[in-house]
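Reviewing the structure listed below.
The values are calculated or read from the model by the stated rules, or taken from the named source; none is laboratory data. All of these numbers come straight from a predicted model, not from anything done at the bench. In this analysis, Cβ positions are derived from the backbone assuming ideal geometry, glycine residues included, and neighbour counts consider all displayed protein chains. When the accessible area is computed, the model is the full protein with side chains, heavy atoms only, and any ligands, DNA or RNA have been set aside. Shrake-Rupley method; radii C 1.70, N 1.55, O 1.52, S 1.80 Å.
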Amino acid sequence: MTEKIYIPEVRLKEVTLDNFRGQSHITINFNEKLTVIIGNNGSGKSSILDGIAGLLHYFVHQTILENNNFESLFRVKDIKNPKNEPASGTIILNTSFEFIEKNTLSEILKVINLLNEGEYKGSIAKIQFDIIEKYWQVAFFDKNYEPITEEDENGDDIPIIVVTEAKINIAQEEFQIAEYKNNEWVLSIDQDILKSSDKDIWNDSDYRDKELKIGFEFNQYKDPTFIVDIKERDFLNKMNQTAFLEDIKDSFQNQLDNKNQPMPLFAYYGGASINPDIKYDTHFSLDTQSVYHNTLLPSRFSLSNFFHWFEEKQKIANEKLKKETEKIFNSESNSSDKAKQIEGIIKNFTELIDVFVDTDNPREFPIIQEAQHLFLIKGAILQMLNDDEADYSNLRVEYDSGLPELLINKKQNDGNNDLNINQLSSGERNLLALVGDIAIRLIQLNLEADNPLKEGRGIVLIDEIDLHLHPLWQRKVIPKLQEIFPEIQFMVTTHSPLVLQNVKGKVWDLGSNQISETALTSGLRIDEILELMRLNPKQQLSMDYEEELINFEKAYEKNDYKKAKEAYEKLEKIIPSKDSTWLSVKTKLESINPNENWI
């Protein structure tokens, strides 16, 4: 089989579970952006996410982590009835692995090495085929795609080119292969090549855009076994099943081998899985591959991990800033030029506008990548926390007390106060930890992206998304997550009608014996959503209100004026405003005793 390099895309399309925990049979299909599951406590919402996570856990270990001896997340206790049918389930993933041949990639990487051995200037490198001379050559362009030129002996401007001996199997005569970042040329393939359907570029194209089926089955006597299949009209034979999984595995491994290539995120945030407390004496590190270790277990995320990642990035950024300013200070430039260049670096570091806008050559100095990542993380967290009711700013690590502290400014009635993160509410810290954890994982998996949070793809499961959140945040949590991470596919569960009021995607209602897809809940009134959730809208006020209303109706039916009036007077104290229900009660009471002096 020809080896290839892929740009992976994975989306969850469908899940089926049989005899799994509380479910005899259930099938759910998913929106490509957002799916929400609702239902009473004990209805099985968390079990569905656990089943999906267990199957994704197998997929990640078989493809990305290459671990055939991984520990399954399924146990005998997950079988609904161990004496009868086994537990089983499947997920169907929409997969798209666009690729060029690995030997072509290898040749391109050789060309990039050649460029790094020289001192070639520019923002973009494109490889071109000279039809007359029959060789590949590289030309250089600025960020506006204008050619980089030099003056020849006749005084004419001619494009700078590098002739190579590359053997590249690409039909197009010109395409982008590299960008200049952090003082070196790095792989950056033109997306038009990857999306092309030209037969000279693609091989085994029947592997593209397929539905991959992954399933499990086990009983009380047999450990879980997994199946892999491709869904296309009918399932293909086992040889193609195995080949397809191996292709996916190769694609991920090629992405990891060619460092800094984009990888998808898979993560599960189970109910109460985030520890919102910070311990300053622990250590946390995260590299690209470790992002996937235990990422689909529901109980392992800590705000401490975010703090230590953030602190490390801030230290590295400050050290790089110091080195860059020292290099300029020790250069032979005159004082005014030095001051201008240092001002440009500090401006870039603190405000993170485009790369050193105060210099003539924006690629002259390396981007402080850690500063960019800090900027993205801060922006994401402040975007989540801030609204008309709250004003947060300046998330940072300080050492005033001798130990590092994660601080944030919060505008309150008495001014702009510095708060230690541990002083925030549990809801605030939960949101900070959730957004921070997703963000740092996307950054690690998309290091060369201009904005990893906007470009990073993946599947994220969140159980009880409304947990510990104030009603105002329940309204905004899903829309804001989708704004901050627009390419992530979210699957969430909730009990909150306020969450459902802002859902633009699929909503599945998990009843006692069946599951059904509901109508869109976005824009519905709270009372309409409560009815959809099989709750009496009158319960919006209180259980006391409901109880006294029932007492009144019973007394009214028996024409018992005394008890009806007692219930009416209690209702009058409970109701915050005289609504239509209260007016109806008053009218009925008047009809029992019209001689009373009503006010």
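Odds and ends about this structure:
- Subset of the stretch 382-428 that is part of a helix (DSSP H, G or I) and open to solvent by 20 Å² or more (accessible area, probe 1.4 Å) - its residue that is modelled with the lowest pLDDT: Ser426
- Conditions (1) at pLDDT 70 or above; (2) of a type in the set (Asp, Glu); (3) more than 26 Å from Pro471 (Cα to Cα); number of the one not met by Glu596: (1)
- Any hit, the stretch 231-246, residues being in a strand (DSSP E or B), at pLDDT 75 or above and not β-branched (Val, Ile, Thr): no
- In the stretch 23-30, the condition of being among the hydrophobic types (A, V, I, L, M, F, W, C) and over 24 Å from Ile484 (Cβ atoms) is met by at least one residue.
- Pair list, Cβ under 7 Å, 6 or more apart: the stretch 68-95 residue closer than 19 Å to Ser24 by Cα, other residue assigned to a helix (DSSP H, G or I): Phe74/Gly54; Pro82/Val76; Ala87/Asp78; Gly89/Gly51; Gly89/Leu55; Ile91/Ile52; Ile91/Leu55
- The C-beta contact set for the stretch 429-442 (first residue open to solvent by less than 10 Å² (accessible area, probe 1.4 Å), second residue assigned to a helix (DSSP H, G or I) and not hydrophobic (A, V, I, L, M, F, W, C), distance under 6 angstrom, 6+ apart or interchain) comprises Leu442/Pro452.
- Those residues of the stretch 303-320 which are open to solvent by less than 20 Å² (accessible area, probe 1.4 Å) and without any contact (Cβ under 8 Å) to a residue 40 or more places away in the chain, in sequence order: Ser304, His308
- Pairs are defined by a Cβ separation below 9 Å, a sequence spacing of at least 6 or placement on different chains, a first member in the stretch 18-46 that is at positive phi and at pLDDT 80 or above, and a second member that is part of a helix (DSSP H, G or I) and open to solvent by 60 Å² or more (accessible area, probe 1.4 Å); the pairs so defined are Arg21/Lys77.
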